[in-house]
1. Which shape class, rounded, prolate or oblate, goes with the range 127-185 when its Cα gyration tensor gives a ≥ b ≥ c as root eigenvalues, a/c under 1.5 marks rounded, and past that a/b bigger than b/c marks prolate?
2. Could you work out the relative contact order of the chain, using alpha carbon pairs under 8 angstrom and six or more residues apart, expressed as a whole percent?
3. Would you calculate the volume per residue, in Å³, of the smallest convex hull containing every Cα atom of the range 75-129?
4. To check you understand DSSP bridge types, tell me what percent of the beta bridges within the chain (both residues inside) are antiparallel, rounded to 5.
5. Over the Cα atoms of the range 112-262, how large are the radius of gyration and the largest Cα-Cα distance (Dmax), in Å?
6. When a footprinting reagent is the concern and you count Cβ atoms within 10 Å, what order do 254, 221, 352 take, fewest first?
7. Using a Gaussian network model of the chain with C-alpha springs under 10 Å, which one of 209, 280, 303 is most mobile by mean-square fluctuation?
8. Evaluate the relative contact order of the range 272-416 (contact order divided by residue number), counting alpha-carbon pairs under 8 angstrom at least 6 apart; express in whole percent.
């Protein structure tokens, strides 16, 4: 991931140093397990515990070997004596690589969950603050009936909670290690070696493996990130839409001195939420690659490996970045409540069409007849710019059935907030 979209903690998780530190941790843990089995003498294990790798030497050796693991091992044994022979005892590259990758994914998942928790909190606070703030609900981009901004945000909050639950499942899916040798038979690394190592580093042994940890696990993790990013894009898209000049009900924060265009000084573009949408698309693309990595030849090939060097860190880095970005947008969201009321009045009372129809049905009309009466008046409002409420009040087919007080109650905005408390209670807000 480019520096622009890489935050420090997540960048550290996917750094070469963290990766190779984990390789060394696993190699030493394997040696500890062999020491417990009596293969490695304790006096040699003492020296192995102090083993380090030389990164510069590693890079030099890699130029010759073209193989990360052999270069790593040689750069480590260069600083050891005869005890160095015990490193990688009974292992294949994927024993170390895949197990270390699991540790990185668990670390990354933990950071993502913390960020989602902050977003969840920000959404909850805004949902409660604007719980009864009326605004126009839209379907197909057209005015439907009023909703509250709090309800809209509560919907997002509830979805982020589901995203966190899915992330927990995704982390659990990759929280496994594999120390089972070249094709998973444990012929060169008995199960107790694997059990010891995994217990030491906080993973569960994969029940069955071949040369690799199976990539359905990684696909589960990455597709979970993609699904979370889809929710972020959903929220960002709505904010972008509501910031349009002709709507302008909410705006993402725009700081003093910030510029929105190189040519038009008046511009206040929703560039933060647009960035969220763009990077979400990137993460979804990585999910497709992760699923294609599931099918490998025989007990393993490396068609997945080159792709994973990109998709695993980049999906985590991108999602970490856009979660943080959206949290800032929500925390500093600009809300134009007066504009919301103005927009509700744009259609001159048409938003009351369904309530009018339902009341006529309650008064004894057949639904088809009630629908026709309301639609006729609605079309006049659209075409002649006459207030729908006035048309209904003056329609003898209606006022002969509905008295003055009922008419007043019919056109009250309070009708659209009377169950908001119950919805919030149901949602756990």
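Values in this text are rule-based calculations from the coordinates and carry no lab data. Everything numeric in this text was worked out from a predicted model, so none of it was measured. Virtual Cβ from ideal backbone geometry, glycine too; neighbours counted across all protein chains shown.
1. In terms of gyration-tensor shape, prolate.
2. Over the chain, the number comes to 17 percent.
3. Roughly 95 Å³ of hull volume per residue.
4. Roughly 80 percent of the DSSP beta bridges within the chain come out antiparallel.
5. So, for the range 112-262, Rg and Dmax equal 23.0, 70 Å respectively.
6. So the residues, fewest neighbours to most, are 254, 352, 221.
7. 303
8. Working: 86 pairs, mean separation 28.3, N = 145.
Rounded, it is 20 percent for the range 272-416.
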